[in-house]
Amino acid sequence: MFRSLKGGRPVAVVAAALLFLATACGSGQEAAAPSTPAASAPAESAPASVFPVTIDHKYGTTTIPAAPTRVFTVGLTDQDAVLALGTVPVGTTDWFGGFPGAIGPWAKDELGSSPVPTLLEDTGTGPQVEKIAALKPDLILALYAGITKEQYETLSKFAPVVAQPKEFNDYGIPWQDQTLLTGKALGKDAEAKALIEGVEAKFAAAKAEHPEFAGATAVVATPYEGFFVYGSQDSRSRTLSSLGFTMPSDLDKVIGNQFGTSISRERADLLDQKVTVWTVPDLAKDVETLHKDKLYGDMTVVAEGREVFVGESTSYGVAFSFVTVLSLPYVIDRLVPQLAAAVDGDPATKVEQPTS
């Protein structure tokens, strides 16, 4: 598999045919590689004594000789941790949402008045190597990614590349590991740990306020090729787990070693949980279509109003799929009230959509 989701739903291109975690609904706007690389915003330098640093990943180890100042993010959400640690990437990879430079509203404060990164599309065949090279990066991050060994070796010819960790599925790195590895690559381990502690404290506060979440089963799905369900290693699923929910016991047996898969109608029972969270491109249309499907529409989760719908065309919907150290606080503020309304099992309790 090469990439992950656009619009929150898989547009999978496996090797040559399956990819991505979403529908092809990105901005479609690709910035041309500049003839002269744009200057990156000044980074807050790490102590020189920290370097060199060596990082293990799926394809071996990478040594970063000095503090990077020109970072390109191949990973679809890697830019958020870079920004949170005080560096503005020179370039990012387009996913979905249509944000300039792939910088969401939750990361605007970290961008500040710095130049927006050059945005390059992943065309389905992998990173655009020549355009990345033209930006003259001194570090390439591919953490929330699925690059192949060949792509890793090609990119490594002109800059150190930190590929996805071997211990997780492609596009399966937890946001904490993404932040820690970014911190190590930038020479900012302590800062990365502090950022993680802040977000984990916000999760802990939400769990304490909602003890009804503890142990309740939940699943995240999207109406792609029928019913597409995300596995426990997918970032969206981990958000629910961090709030106290549990995944169906046989979920990963059905999903396999992928971030998610379209399930057969015989396994649609996976959708009938204490809470089912749907990411959908068109809220009104997709909710109506799902409820008209007799198999799903007759489930208890529908009858008892235990569904949460997240619109992919909203900033909240994009943030829900990003799952980063910067997007998660934004998501928690909006998702938790929806989950609280859904988990009570009372159809009279309306699950409201966030207004901002």
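Derivation of every value follows stated rules applied to the coordinates shown; laboratory data play no part. These figures come from a predicted structure and were not determined experimentally. Glycine gets a Cβ as well: all are built from the backbone with ideal geometry, and neighbour counts include every protein chain shown.
Some observations on this one:
- Computed from the Cβ-Cβ distance with R0 of 22 Å, the FRET efficiency linking Thr349 to Ala201 stands at 0.20.
- Amide H contacts under 5 Å for Phe309: Trp278, restricted to partners 5 or more places along the chain or on a different chain, H placed in the peptide plane at 1.01 Å from N.
- 3J(HN,Hα) along region 88-100, derived from phi through the Karplus expression 6.51 cos²θ - 1.76 cosθ + 1.60 where θ = phi - 60°, amounts to 9, x, 6, x, 9, 10, 5, 10, 7, x, x, 7, x Hz, with x in place of Gly and Pro.
- Of all DSSP beta bridges confined to region 198-343, the antiparallel ones make up roughly 40%.
- Under-5 Å amide H pairs with Thr246, H placed in peptide plane, nonlocal only: Gly215, Ala216, Thr217, Ala218
- Our note on the geometry: Cα centres of region 65-86 and region 280-323, 33 Å apart.
- Hypothetical label at Ser264: residues of region 272-303 whose amide nitrogen lies under 19 Å (7 Å Cα-Cβ projection): 272, 295-296
- Ordered by the number of other Cβ atoms lying within 10 Å of each residue's own Cβ, fewest first, Ser242, Ser264, Ser321, Ser327 fall into the sequence Ser264, Ser242, Ser327, Ser321.
- Members of Lys202/Lys294; Lys58/Lys285; Lys131/Lys188; Lys253/Lys292 lying beyond 32 Å, as alpha-carbon distances in this model show: Lys202/Lys294; Lys58/Lys285
- In order along region 187-200, phi translates into HN-Hα couplings of x, 10, 4, 5, 5, 5, 5, 5, 4, 4, 4, x, 6, 5 Hz, rounded to whole numbers, per the Karplus curve 6.51 cos²θ - 1.76 cosθ + 1.60 with θ = phi - 60° and x for Gly and Pro.
- Cross-link partners for Lys149 among the aspartates and glutamates, with Cα-Cα distance under 18 Å and sequence neighbours closer than 8 places in the same chain left out: Asp56, Asp122, Glu130, Glu167, Asp170.
- Simple Cβ-charge dipole of region 250-300, Lys/Arg +1 and Asp/Glu -1, about Cα centre, in debye nearest 20: 20
- Cα shape, region 178-260, gyration tensor, a/c 1.5 rule: oblate
- Only DSSP H runs of four or more residues enter the estimate; each adds -39500 (n - 2.57), and after division by the residues of the chain the mean residue ellipticity at 222 nm equals -9000 deg cm²/dmol.
- Helix 175-186 axis, angle to the chain major axis (alpha carbon atoms, nearest 10°): 10
- In order along region 248-255, the Karplus-derived 3J(HN,Hα) couplings, from 6.51 cos²θ - 1.76 cosθ + 1.60 at θ = phi - 60°, round to x, 4, 9, 4, 5, 5, 7, 6 Hz, and Gly and Pro are given as x.
- Using only side-chain charges placed at the Cβ, +1 for Lys and Arg and -1 for Asp and Glu, the dipole size of region 30-191 relative to its Cα centre rounds to 340 debye.
- Once both labels are positioned 7 Å from their Cα atoms along Cα-to-Cβ, the gap between Glu167 and Val254 label points is 2.8 nm.
- Distances between placed amide hydrogens fall under 5 Å for His210 paired with no residue 5 or more residues away or on another chain.
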